[in-house]
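The values are calculated or read from the model by the stated rules, or taken from the named source; none is laboratory data. These numbers come from a predicted model, not from an experiment. Glycine also receives a Cβ, built like all others from the backbone with ideal geometry; neighbour counts cover every protein chain displayed.
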Amino acid sequence: MKRMIVLGTGSFLPERVLSNADLEKMVDTTDEWITTRTGIKNRRIAGKGEETSKLASKAAARALDMAGLAPGDLDMIIVGTITPDMGMPSCACLVQKELGAAKAFALDINAACSGFVYCLDVADKYIKAEPDMKILVVGAETLSARVNWEDRNTCVLFGDGAGACVVTGKTGKRGLLASKLFSDGSLYKLLYMDSAPSMNKELACQDNDGSYIKMAGRDVFKYAVRSMDMAITNVLEQVQVPVEDISLIIPHQANIRILKSLGERLGIAGEKVYINLDKYGNTSAASIPIALDEANRLGHIKSGDLVLLCAFGGGFTWGAALFRW
Ligand code: UT7
């Protein structure tokens, strides 16, 4: 049986750093509050010419390079994002254009911070049907464009960036062993973001009153811990893998306290939970592939390791994916 394996990973972060000290000058906050309540120290902010599709394309080029493939080898491009450059075309189509991946068809998935895990799960279904496909899977965001910079509850949390991987099917024990996705749209009001308002007043959505991210942080926190625990447990049960066999968990990077609570619930050692949110903040769909690429390039993942990805985000959406690397 052929499984979906990762041929290469890549990431790209804008150069501009926004520190907690910078935020102290913008809103009523302190480095101490942000550090102790979230674990975040810095985040990256995209500048001119660094739209989501550009960040995504740069991360993709690095993943292709590691995979030893050219853009023309790609059959499919899937981008997880809630901050596409435009309503139409999709960010994935712009990535296809930027890379010159003429053979690939392209689509976006809107699953907020779970976007990358959602994209991987979809890629896996295609690989199961056509194992020789080469698929580019990207998570990319420019959340700085959708944050209310006067709202201290949210503006200290988010950052911009992109991560990517190239996958294909291969016979053997390595590859994606199991994945599982969940959604609960009934809870959307706890975390949502507006889009361009409707031009037809009769169709205007009453919640679409601006363009900023809105979040009931404390509620989201509780759901995030419980939901990621549930998704991980589901995936491990599917393949009868005990939690202590996991080499590395690469979770969505939202809050250090969420990750500590998750580790405690699962009974997994702290050093097995990969954390880089101190440097980049919450980059939504980009956070897992950025962390995955960083861990991969730093040599924290070895062939044969069991690597578990898990995410939670607006929608609500959540899920997990288990690889034997
Ligand atoms: O990525 C998708 C999923 N997102 C998440 O998983 C995020 C989940 N939630 C969280 O990470 C946390 O709930 C936050 C970091 C957003 C907030 O932390 P919290 O400990 O839950 O704080 P809180 O919202 O309950 O607010 C506590 C206090 C409030 O003041 P009062 O009402 O107690 O006087 C806030 O106004 O902290 C205040 N506060 C701040 N103070 C200084 C909120 N933001 C700030 C700030 N600086 N930036």
Would you confirm, using the coordinates I've provided, whether residue 219 is of a type in the set (Asp, Glu), at pLDDT 95 or above and either away from the ligand (no atom under 16 Å from the Cβ) or not assigned by TED's automatic domain parsing to the domain that holds residue 77 (or both)? yes
Under the condition of being more than 14 Å from the ligand (Cβ to nearest atom) and part of a helix (DSSP H, G or I), which residue from segment 279-325 is nearest to residue 41 (Cα to Cα)? 279
Count - residues of segment 238-263 that are more than 17 Å from residue 286 (Cβ to Cβ), of a type outside the set (A, V, I, L, M, F, W, C) and within 16 Å of the ligand (Cβ to nearest atom): 4
Does residue 184 meet the test of being acidic (Asp, Glu), at pLDDT below 95 and either within 16 Å of the ligand (Cβ to nearest atom) or surrounded by 15 or more Cβ atoms within 10 Å (Cβ to Cβ) (or both)? no
Can you confirm whether residue 253 is surrounded by fewer than 16 Cβ atoms within 10 Å (Cβ to Cβ) and assigned by TED's automatic domain parsing to the domain that holds residue 317? no
For residue 51, all conditions in the list (1) buried (at least 17 other Cβ atoms within 10 Å of the Cβ); (2) more than 16 Å from the ligand (Cβ to nearest atom); (3) farther than 25 Å from residue 81 by Cα hold save one; what is the number of the exception? (3)
So, in segment 201-216, of the ones that are loosely packed, with under 13 Cβ neighbours inside 10 Å and among the hydrophobic types (A, V, I, L, M, F, W, C), which residue ends up nearest to the ligand (Cβ to nearest atom)? 205
Residues of segment 26-48 satisfying the condition of being surrounded by fewer than 16 Cβ atoms within 10 Å (Cβ to Cβ), in a loop (DSSP other than H, G, I, E, B) and either touching a Pro at 6+ places or on another chain (Cβ under 7 Å) or not β-branched (Val, Ile, Thr) (or both): 26, 28, 47, 48
Got a sec? Which of 123, 101, 112, 140 is among the small types (Gly, Ala, Ser), away from the ligand (no atom under 16 Å from the Cβ) and closer than 30 Å to residue 238 by Cβ? 123
Residue 55: part of a helix (DSSP H, G or I) and touching a residue at least 60 places away in the same chain (Cβ under 8 Å), yes or no? yes
Go through segment 143-181 and give me each residue that's more than 21 Å from residue 66 (Cα to Cα), within 15 Å of the ligand (Cβ to nearest atom) and not in a helix (DSSP H, G or I). 147, 148, 149, 150, 151, 156, 157, 158, 159, 160
Determine the pairs where a residue that is of a type in the set (Ser, Thr, Tyr), located within segment 305-325, has a partner that is assigned to a strand (DSSP E or B) with Cβ atoms under 8 Å apart, the partner being 6 or more residues away or on another chain. 317/181; 317/182; 317/183; 317/311
